[in-house]
Amino acid sequence: MKPVFLLVYLLARKRIPTPRQNRYQQHGDNMLTDKAISGLKGQDKPYRVSDSGGLYIEVKPDGSKYWRQAYRFAGKQKTLAHGVYPAIGLKEARKRRDDAKALLDQNIDPSQQRKVEKLTAKLSAANTFEVIGREWHENRESGLVKKTVNKTIAALETYVFPKIGALPIESVEPAHILAVILPIDRKGNGETARRVRAWIDAIFRYAIQHGKVKINPAAELRSGEVLRPAKEKHLASLPITQLPDFLCTIDDPAKRVDYRTRLALRLLVLTFVRPGELNWAMWNEFDTDAKEWRIPPERIQGEGRGMKMKEEHIVPLSDQAIAILEELRPLTGGYKFLFPCIGRPGEAGMSDNTLRMAIQKGLGFPVTAHGMRATATSTLLELGWPAHVIDKQLAHRERRGATFGAYSHQAEYLPERRKMMQAWADHLQALEHGTKIVPINAKKA
């Protein structure tokens, strides 16, 4: 038989397909094989070869092959792309087809579901822990000194971002945070570990406020429960012999300390409260008629700046302390805080570093603000005041390392404390002005 007649005969018997027929060729279940797909060649126009369940492979004129799936949803014919062969093999293509059919069984359009997943992934990439962490840092740096800002971001870049920075913030769990802070603590850097945990906690609180996450995993990790106990520090105190010079230096115009900070230093010495309690002191805590400052316990829970032992503490106010309040009132009486943060006056109190920098850099004394409590204790003991009265005024409770813990559960000793605080203020005034100091007979008090 001549070749021409043979070709006509075969076409009539449908033994070989034409290109047009091949574009619409249908096979039985899972008829395609990798060998058959590899043998498909490009033609003058794209054509399709079906597999099953709506899955087919489309061959382009250049020979490239694309997986597609035909399906109907809501009465409309649609097409779903499943990738390029051979990057997506036959087995994976069939799995993707089956996943799409499972969605269809749930009345979910697989094309729309894929768009949702891509959008979610895009949002997750935009809301990684590092992205939100830097956003939080930029938002707060306006109210902080540059040194504090640099210290915070340096710690985040050193300890936090390399480990969990790339994670979507909503996927960060307590275990991830522990993996960050525990190695720091084990190396003996407990204070750094506590700061890092606090910063992570603050980042999550910021993320919740801005709708990025709903849960704060750091809130479940309290430093006292997951980190080793902090070592008690003995902070540098001012020797009694230097107290007169210190008092005179506070108002020295040659020292680079602003007026409000000078008033804060005087109030600190007169009341010898913890620096954090003074930094975040609020006007509504003061009753000048009753001559009292009541520091509430909830401040430590709500803002981290209240009573250390989580009990209300009464500070009797001397005449000198009330005079300072009246001098300060025209300056900050319109704000919530006595000493508002310059960058965020309505939201935060004075920075923790302000008093320390004023004492050490401004006045030139190598002591800490907290050390004033030890100076007051030593001086009052030397002047004859009972230890239990001093201890109660220091707001100590019975705990390991307390100065006079045995007295902590006795009465408030308020009458004695009122007399002591006024006598203390008079003593300071005498020291500053060089007048003769009359020894205090504490027994008469």
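Nothing in this text is a laboratory measurement; each read-out follows from the coordinates by a stated rule. Here the structure is a predicted model, which is why all the values come from computation and not from measurement. Neighbour counts are summed over all protein chains in view; Cβ atoms, including those assigned to glycine, are modelled from backbone coordinates with ideal geometry.
At-a-glance table
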item: Taking Arg266, Arg195, Arg344 and counting other C-beta atoms within 10 Å, the order from fewest to most; result: Arg344, Arg195, Arg266
item: Lys/Arg +1, Asp/Glu -1 at C-beta; the stretch 240-433 dipole; positive extreme among Pro244, Ile324, Asn353; result: Asn353
item: Interatomic Cα distance distribution for the stretch 172-226, bins of 10 angstrom, percent; result: 26, 53, 18, 2
item: Dipole magnitude of the stretch 129-226, debye to nearest 20 (Cβ charges: Lys/Arg +1, Asp/Glu -1, about Cα centre); result: 280
item: For the stretch 240-433: relative contact order, % (alpha-carbon pairs under 8 angstrom, 6 or more apart); result: 25
item: Entries of Lys255/Lys291; Lys187/Lys361; Lys151/Lys187; Lys60/Lys118; Lys361/Lys392 with Cα pairs more than 24 Å apart; result: Lys255/Lys291; Lys187/Lys361; Lys60/Lys118; Lys361/Lys392
item: 5 angstrom amide H check on Glu292, placed H, neighbours 5+ away; result: Asp287, Leu317
item: Average Cα contact separation per residue, the stretch 304-381, under 8 Å, 6 or more apart, as relative contact order %; result: 11
item: At q = 0.08 Å⁻¹, base-10 log of I(q)/I(0) for the stretch 240-433 (Debye sum, equal scatterers on each alpha carbon); result: -0.24
item: Extent along principal axes [Cα atoms of the stretch 129-226; Å; largest to smallest]; result: 32, 32, 23
